[in-house]
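Report on the structure given below.
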Amino acid sequence: MASILRFRKLCYVEPVKCSSLGFQSYVTPKVGKKDDGIVPKVKTVVVEKKREQQKKKKKKRQPKEWRCIDYCCWMIGYMCTTWWLLLFLYHCLPATWPGFQVPESPGTRLKREGLTALHPVVLVPGIVTGGLELWEGRPCSEGLFRKRLWAGSFSEIFKRPLCWLEHLSLNNETGLDPPGIRVRAVPGLVSADYFAPGYFVWAVLIENLAKVGYEGKNLHMAAYDWRLSFQNTEIRDQALSRLKSNIELMYLTNGYKKVVVVPHSMGVIYFLHFLKWVESPPPTGGGGGSGWCAKHIKAIMNIGPAFLGVPKAVSNIFSSEAKDIAFIRSFAPGLLDSEILGLQTLEHIMRVSRTWDSIVSLLPKGGETIWGNLDWSAEEGHGFSFAKKGQASMSGNNLNNSNQRSLQLKDPVKYGRIISFGKVASQLPSSQLSTFDSKEFPRTNTSTNFNSSCGEVWTEYDEMSRERIRKIAENKAYTARTLFDLLRSVAPKMMQRAEAHFSHGISENLDDPKYEHYRYWSNPLETRLPDAPDMEIYCLYGVGIPTERAYVYKSSPSEKCKNIPFRIDSSAEGDEGSCLKSGVYFVDGDESVPVLSAGFMCAKGWRGRTRFNPSGMETHIREYRHKPPASLLEGRGMESGAHVDIMGNVALIEDILRVAAGATGAEIGGDKIYSDILRMSERINIRL
Amino acid sequence: MSFPRRRKAPKTQNSELHEIDGENEDDDDDKKRNPKTNLRKDKRWSCVDSCCWLIGCICSIWWFLLFLYNAMPASFPQYVTEAITGPLPDPPGVKLLKEGLKVKHPVVFVPGIVTGGLELWEGHQCAEGLFRKRLWGGSFGELYKRPLCWVEHISLDNETGLDPSGIRLRSVSGLVAADYFAPGYFVWAVLIANLARIGYEEKTMYMAAYDWRLSFQNTEVRDQTLSRIKSNIELMVATNGGKKVVVIPHSMGVLYFLHFMKWVEAPAPMGGGGGGLDWCAKHIKAVMNIGAPFLGVPKAVAGLFSIEAKDIAIARAFAPGVLDKDVFGLQTFQHMMRMTRTWDSTMSMIPKGGDTIWGGLDWSPEGDFNCSAKKLKNNDTQTADQSGKGSLGSTKRVNYGRILSFGKDVADIHSFEIKRVDFRGAVKGNNLINTTKCDAWTEYHEMGIEGVKAVADYKVYTAGSILDLLHYVAPKLMARGDAHFSHGIADNLDDPKYEHHKYWSNPLETKLPNAPDMEIYTMYGVGVPTERAYVYKLTPAAECYIPFQIDASAEGGSENPCLKGGVFSVDGDETVPVLSAGFMCAKGWRGTTRFNPSGIRTYIREYDHAPPANFLEGRGTQSGAHVDIMGNFALIEDVIRVAAGATGEDLGGDQVYSDIYKWSEKINLQL
């Protein structure tokens, strides 16, 4: 990083140098002319002068050699020296700069209160944040053995982008390794403490846990390959067996203290899968027996849980255009932009990310019952009223997304239409909408493969005919149910693969033996929680940030091959006070996960003794209202509610530390709710 | 070119102006000002600017080279090497992959002393900002930045041998713990890379990292490391279809794993793992000991006695300049001594078996070893100068049994000529006056002049009396260490006292587990001179200094080429003598003996040292040195074959270059 900085500095120093040269050359000719005028006059001293000149020549030989290059060097040297001097001064600075008080970390404070490490802690990272390293690769990846391909500095994207993409893709048929390539999760705490240098994920939490006495033996990071479907992590890497063995070991070596599990984002549903896996009998399960969870787990503290999926995943699969499925896009937006280098980056991204089964686990679950249909959604009305409250507390710097001043709205926003083609279609009453059953999508005409001239087929859109593309766009609006037909139509391979591993419905009868299959284990609406009445489930998430909920699309037909025919219609802006901005409808949430997805299970689905939670384990909702960092020095803020930044939120860290040190949910204050999650949940009509 | 000319012009004009002054006053003023500024500029150029220019030049060239280096294809160095030395042999992993070998048995690595990384989990004020940074291993940057703070954090508590209050330093976990010791200095990395070629990955490889400063049992007490290893081995066996693991310990890891094998089968109330009596038989296919110091290393003695072992692995070799006490006047040696004496693990490496194994005053198993003959064979730079001298003169027997002797003459003469005064009863003098002056406190300051003199008067120490000596000079360390380690030979292994954990790491005081199908390999380098006995002298200034020093002036010359710089050397791998590495497999455990009741098969694989042919080869692919052997292709090939399912017979059984059988024969041990 430092070298890049220096290089940049170098680049922009250059013009300065040249201008100084220009100045010189502008001055000197004038003097020279005058010189010429004077010399002929003085003839008497010519000899002397000549002698002197010779002397001078000798003396001034050095300056004579100062040339453009020398000035460059001089400049560079000057900059370097200054840079080093500043660096040196910076290092000499006392750690506690007077005037800038570092606020005390929650770990230190709680240690003074007398908290010490009690329950072992297991961290389960989410999608994208875990590091991946290379174990075997193609010749182009020479020298990268056991180097990180994902996370870390990402330097290989810049050096050999195509090679990098090839190694991160999985096999499009099996969803496992392509032949000759083995990319594996980095094990241990290092796998997800920092995503990129300086961009913490778990590091702050780990540091605070260490303050109260945690260390390697009672702190475990359950790293897994987040590209795979959950069951495949067990089949290929035995990641679930490993997690089971580690939990048992920690339970044993820490005086039979149950563990506290802290999953984040997709890790939440990964751990749901684990809960079912571990108690199921061996061929597909872990064979831990039905009391395993009750015996080993004290609490699950889900951070930013994506229980019911995220709408972002839809747009990501559909057109690789989610604002960011965490960081991909925000990390290098310029680089990924397809227009700049003509490299069709988006298409590459689509091709790679469609081989990752895990994304399918994030598609909205529960269909129209949860996410609303063409005319109804649980959040209608609430998105606004809340956003207003949020505005009052936020110092207004995050509100460019939607202008929420107007109080009334004639029509509630139809959030149920997760994808609609055209702004109009997203607002019309359903009776006026020209829609037909999406199952009618012709799926047979793959033979009309008119674009064979495109050579290599990159995305499955290349295989689709214009006709079908037009048809898709004609069917104005898609809800959480019809969405799946749409995705099956545009990404048949991925959905076929992934639907063997994930399910997105609501079960009618949980006793049906089909629900013993592992594809249902990660869907909270199709599984029961384990029989562990003493276990506690927490939902910890940020609120007060506009979160993507529904999209306005347009089709962008193009003659070019290898083109994605659909785009978010970023010209679709709502009028004053609408939630629509740049083609995206927003609701309350933590920037990635809407409140409904994060909170519903804890607020209603599992609250009390329901059919999803037969043993009646306690659930607690802890919301954290987003406050952007007050100053630049705070970095990503100590009170942030954003999906990843919340891991540095002091209130959240304090809650986790207290629970890890033995507190129960009631002791840390039970529910803490700012959003309308309870009212929204009320409106969802689901049998419990 | 036009530019310098222009610059020259004003100056000539300036001189003119002075000669024809008064001719045009008005113009003169203008002109003077101009040249003057120019002149001043020139003056400045001469000094600071030249510096800047130089720095700029260097930086630009550096960046340019860096750019070239980054743009260079990765295979370029290999290409150059091949151009010079001819085509390189395939790495063993690639070669064996072509033969069709595939991943089979899971592999467990047990790193040795010093090579494992340690990271900070809790520290004092001075260690601010180092949370989860490596203090040991890696770049050692902190050693230079804040040396005293570093020493404080690396040391353990001198009473308990555990963490000092407020400091928690823990071993790094995972393969990264010991793949590289410092950037570019591989330990396990080459082996890991070659195993990966035939399909190994994280789920089939496990680095049993532990805090190598602690005594073995304390790693379990504090960190539950042994439980962790047990659980991981069980997990790997379970997830790999019941295939047993191949364990590969290195250096002190060998003793650690011996301890583990006893621990895991001992019942839980005895401080054991409660795995049951057939745990090893069920879970372990083979133990492939690399550079095994089964019976200890003489280096450990010198290390404890005066911190002067050439290197207790790498620490000294790594930063000899910094550790030198004369450079900074920082009494580095004293600090080192204070630090290393808090590490119980060094005790595990003290020679075991006493005079029976290591020789008495006048006898030693290796007595007839001919240093010169050996050295002719290898043209290591380190020994090349000796070979010329030693080859001609008739060598006489070396009294290797005298591990420490005071004065070169004492090391040579016959035992009845030595006048010895017993030091054991000697009163330690009590001159506490000076201790306050010394920053670094060592236990020598408590001994006083009398104590020091008494030690020197005893003249000669053999492996048996060395323990008494160490008890005398390092009472605290030995008091702690005695509770965790034992260095004797058992008369009756059925004695219930041998169920105590202090005996578990001594192969002469434990039985191997009951696992007839298991195999034990000992793999070590030979052909490198290895420290075996020392000539000491008293240092004159005994106040703040360590009162004993290796007498570096003691040279054997042509008469006794094994003595050089005050050190008698024998055959070995630079750290571990052949005797220590090979004896157990050559004799102690061969067949069914009382140490090996179930008759586990043992194999000796020696690797003759060949130094790297040229500079480009780095640390060589045929090295036999203690750590560099981990990059030895022949050794890696053996390891991979066994991991892929081969037995000792398939490898070719024993492969011996040294005189280990002959020497083992001479040792009179009841089997």
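Figures for the structure shown
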item	result
Amide H partners (placed H, <5 Å) of residue B:608, local residues excluded	B:526
Alpha-carbon Rg with Dmax, taken over region B:250-299, Å	12.5, 37
Global form of region B:553-671, assessed from the alpha-carbon gyration tensor, a/c cut-off 1.5	oblate
Neighbour-limited loop hits for trypsin sites (Lys or Arg not before Pro), region A:594-688 (at most 16 other Cβ within 10 Å; DSSP other than H, G, I, E, B)	A:609, A:611, A:687
Per-bin percent of Cα-Cα distances, region A:132-185 [5 Å]	4, 22, 35, 25, 10, 3, 0
Average beta carbon contacts from partner chains per residue of B:224-237, 10 Å cutoff	3
Shielding by other protein chains, B:199-206, mean Cβ within 10 Å	4
Shape of region B:482-628, Cα gyration tensor, a/c cut at 1.5	oblate
Cβ-placed point charges (K, R +1; D, E -1), dipole of region A:132-185 about Cα centre in debye, nearest 20	220
GluC sites (Glu not before Pro) restricted to DSSP loop in region A:165-249 with at most 11 other C-beta within 10 Å	A:173
Cβ neighbours within 10 Å from other chains - mean over B:50-62	6
Over 32 Å between alpha carbons, listed pairs A:476/A:627; A:514/A:554; B:133/B:476; A:493/A:514; B:98/B:299	A:476/A:627; A:514/A:554; B:98/B:299
Overall form of region B:109-179 per C-alpha gyration tensor (a/c, 1.5; a/b vs b/c)	oblate
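Quick note: the coordinates plus some simple rules give every number you see, no bench work behind them. As the structure is a computational prediction, the values presented were derived from the model and not from experiment. All Cβ positions, even for glycine, are placed from backbone atoms using ideal geometry, and neighbour counts span all protein chains on display.
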